[in-house]
Amino acid sequence: MSATVIWTAIVGMALTNFVLRLLPIAVLSRLRMPPLVERWLSFVPVCVMGAIFAQEVLRPGGRLLAPWANPYLIAAIPTAFTYRVTKSLFGSTVVGVVSFLAMRYLLG
């Protein structure tokens with residue numbers, strides 16, 4: 001394949017991706033939705049992040065680990081507790097990183 005074909009494909013995919021993401025936002029931002037629909041849509045980001053988080057913590061690398069041998073799961077516990085108590089994203093991130101590194105070291 002020539003460089004022109006590759007760059008045309010990259011630019012075409014970028015434009016398609018941009019239009020497909022922008023169009024629904026542009027259309028829906030001009031409409032007044034019922035409060036029930038707005039409330040329902042407000043939960044979408046939380047659900048998506050929860051699904052990504054659960055997948056990575058419960059099945060790291062796509063493999064199922066025993067709970068006591070899963071450093072991701074063990075490190076998530078003090079991280080969640082820290083955020084719950086302090087409401088600090090920075091603090092819970094530091095606790096999460098340190099907890100994870102400690103668990104990886106201890107669990108081998």
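Quick notes on this one:
- Which listed residue is closer than 30 Å to L106 by Cα and aromatic (F, W, Y), from F53, F18: F53
- Put simply, of S29, S42 the only residue that is on the phi < 0 side of the Ramachandran plot, loosely packed, with under 11 Cβ neighbours inside 10 Å and modelled with pLDDT under 85 is S29.
- Among the residues of the range 1-31, those that are among the hydroxyl-bearing types (S, T, Y), part of a helix (DSSP H, G or I) and more than 30 Å from L41 (Cβ to Cβ) comprise T4, T8.
The values are calculated or read from the model by the stated rules, or taken from the named source; none is laboratory data. Predicted, not measured: the structure shown is a model, and the values here were computed from it. Because the Cβ atoms are built from the backbone with ideal geometry, glycine has one as well, and the counts that use them run over all protein chains shown.
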